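Data block below; observations after.
The values are calculated or read from the model by the stated rules, or taken from the named source; none is laboratory data. What you see is a predicted model; the values in this text were computed from it and never measured. When we count neighbours, we look across all protein chains shown, and the Cβ atoms used for this are built from the backbone with ideal geometry, even at glycine.
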Amino acid sequence: MDDRIRQQTEIERLVHTSRLGEPLAGDFYIDPAIFAADIERIFGRLWLYVGHACMVQAPGDYMTWRVGPHSVVVVRGSDGAVRAFHNSCRHRGSRICREEMGNAKHLVCPYHRWTYELDGRLRTRTEAEFGISENEIALLPVALHDASGLLFISFAQHPPDFSAMLADIAPRLKPHGMDRAKVAKRISYRVGANWKVILENNSECYHCGPNHPQIVMATYDVTRNDPERMAEVERRVAEANTRYRSLGLDEGDAQADMTGAFWRARRTPLKPGWVTQSLDGQPVAPLMGDLTSHDAGTLRINLYPNFWQHASSDHAVATRVTPTGPADCTIDVFWLVHQDAVEGKDYTLERLLPFWQRTSEQDWFICEENQFGIGSSGYRPTGFARRQESNLPRFTDWYLGELARP
């Protein structure tokens with residue numbers, strides 16, 4: 001039995017001996033073979049957030065992203081359409097675009113100067129030298145969906161169905177005008193934790209009380225689980241939903257529990273006196289999209305395995321997780337505002353960033369500590385809290401199901 005077969009057999013054993021609804025065994029967070037399987041079966045097959053459409057605003061604008069052996073270039077064509085391609089030349093396979101973002105009239109391979117149109121068609125003449133017409137060679141497409149300004153890709157030749165997720169999130173997101181936004185700031189973090197530790201942390205707020213004073217002050221994520229405060233929270237939700245209906249927005253709850261197999265999308269109210277997720281709860285930028293009121297709660301969207309976004313009335317904060325090793329990942333956080341907003345006049349980074357910058361960095365710290373403990377010989381998980389960690393078994397069960405697929 002060769003090493004690959006032995007590793008696959010061990011992975012299958014781990015998957016099938018795992019108990020649904022329970023924490024994962026430590027090997028799932030530290031084993032290189034499990035990480036390789038995650039890249040192949042999760043990130044190489046499912047739908048992934050790659051960026052926002054506003055990041056490729058003009059014809060020729062492109063962005064690249066790499067996860068494991070997969071590299072994609074997303075480009076806006078001269079016809080205004082956004083397309084995604086494997087970032088690999090059809091001649092000898094060289095990477096075509098090396099920069100993370102740029103603008104180009106054509107996509108030119110640096111190796112032998114094979115040149116492609118922005119829609120993927122090959123311009124270089126190949127008939128005489130290669131015996132095949134350039135009309136028969138083009139960049140290989142990567143499946144892409146634009147969900148009201150959010151761009152999702154799949155590297156699979158036959159991606160899983162995405163229609164239910166699109167039908168759910170696109171109408172909720174449309175009033176926020178993500179397609180008419182711009183990135184005001186991006187911060188990239190190198191975090192010493194497995195990507196699943198990051199996603200699990202994002203799926204619960206049991207940790208919020210001890211770690212996130214901003215979240216506690218602004219949202220009902222912690223108090224919604226307090227029996228003595230439930231009536232107050234339900235009353236606040238009902239009042240907020242009446243207002244959302246009058247604004248033509250989707251209704252919601254105190255927390256965005258899972259609404260689909262691999263996503264959740266829900267508008268959640270903020271506490272009285274808070275109209276946006278800033279340190280003082282007051283607006284930090286102009287209204288976005290078609291919104292007419294600052295008091296529109298916050299629209300939360302999460303997608304397994306690599307994305308979440310909180311969209312307030314005046315700004316949005318999106319997070320992209322890129323696994324880079326069994327115990328590390330890169331996390332990019334994007335702050336978005338209206339495309340016409342002017343820094344220094346309509347908003348300042350000093351007011352825009354702190355709420356989610358502090359919350360994010362608090363999370364990265366506790367995730368690294370959790371990763372360290374999982375890797376120790378004393379890792380013996382107790383289980384998930386029934387109310388405050390109700391989304392965690394949904395994530396781990398989803399993960400085991402996807403990892404078990406052939």
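Here is a check on your reading of the model: is K196 in a strand (DSSP E or B) and either assigned by TED's automatic domain parsing to the domain that holds F334 or under 22 Å from I374 (Cβ atoms) (or both)?
Details: in a strand (DSSP E or B): no; either assigned by TED's automatic domain parsing to the domain that holds F334 or under 22 Å from I374 (Cβ atoms) (or both): yes.
In short, no.
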Quiz item: C89 passes all but one of (1) assigned to a loop (DSSP other than H, G, I, E, B); (2) of a type in the set (A, V, I, L, M, F, W, C); (3) under 20 Å from V321 (Cα atoms); which number fails?
Solution: (3)
Exercise. Would you tally the residues in segment 79-134 being loosely packed, with under 12 Cβ neighbours inside 10 Å, of a type outside the set (D, E) and closer than 20 Å to G51 by Cα?
Key: 2
Practice problem: Among residues belonging to segment 286-319 that are in contact with an Asp or Glu (Cβ under 8 Å, 6 or more places away or on another chain) and surrounded by 24 or more Cβ atoms within 10 Å (Cβ to Cβ), point out the one that is farthest from W398 (Cα to Cα). | Solution: M288
Quiz item: Picking from S148, S188, S203, S154, which residue would you name as being on the phi > 0 side of the Ramachandran plot and within 15 Å of the chain's Cα centre (by Cα)?
Solution: S148
Quiz prompt | Selection count, segment 70-97, where residues are hydrophobic (A, V, I, L, M, F, W, C) and closer than 12 Å to A143 by Cα | solution = 6
Exercise. Under 8 Å between Cβ atoms, at least 6 apart or on separate chains: pull out the pairs that start in segment 82-95 with a residue that is modelled with pLDDT of 95 or more and end on any residue that is acidic (D, E) and in a loop (DSSP other than H, G, I, E, B).
Key: R83/D119
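The rows are residues; the columns are (1) within 19 Å of S148 (Cβ to Cβ); (2) at pLDDT 95 or above; (3) of a type in the set (S, T, N, Q); (4) under 23 Å from the mean Cα position of the chain (by Cα).
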site	(1), (2), (3), (4)
W274	no, yes, no, no
S278	no, yes, yes, yes
P283	no, yes, no, no
G289	yes, yes, no, yes
T298	yes, yes, yes, yes
Y304	no, yes, no, yes
Q309	yes, yes, yes, yes
S312	yes, yes, yes, yes
R320	yes, yes, no, yes
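Here is a yes/no grid of residues against (1) out of contact with any helix residue (DSSP H, G or I) (no Cβ under 9 Å at 6 or more places or on another chain); (2) more than 18 Å from W356 (Cα to Cα); (3) assigned by TED's automatic domain parsing to the domain that holds T348; (4) assigned to a loop (DSSP other than H, G, I, E, B):
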| site | (1), (2), (3), (4) |
| --- | --- |
| I215 | no, no, yes, no |
| A231 | yes, yes, yes, no |
| E239 | yes, yes, yes, no |
| R243 | yes, yes, yes, no |
| R266 | no, yes, yes, no |
| P272 | no, yes, yes, yes |
| D290 | no, yes, yes, yes |
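Kindly indicate whether D340 is surrounded by fewer than 20 Cβ atoms within 10 Å (Cβ to Cβ) and among the charged types (D, E, K, R).
Judged against the criteria, D340 is a match.
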Exercise. Would you mind finding the one in A265, A238 that is aliphatic (A, V, I, L, M), surrounded by 20 or more Cβ atoms within 10 Å (Cβ to Cβ) and modelled with pLDDT under 95?
Key: A265
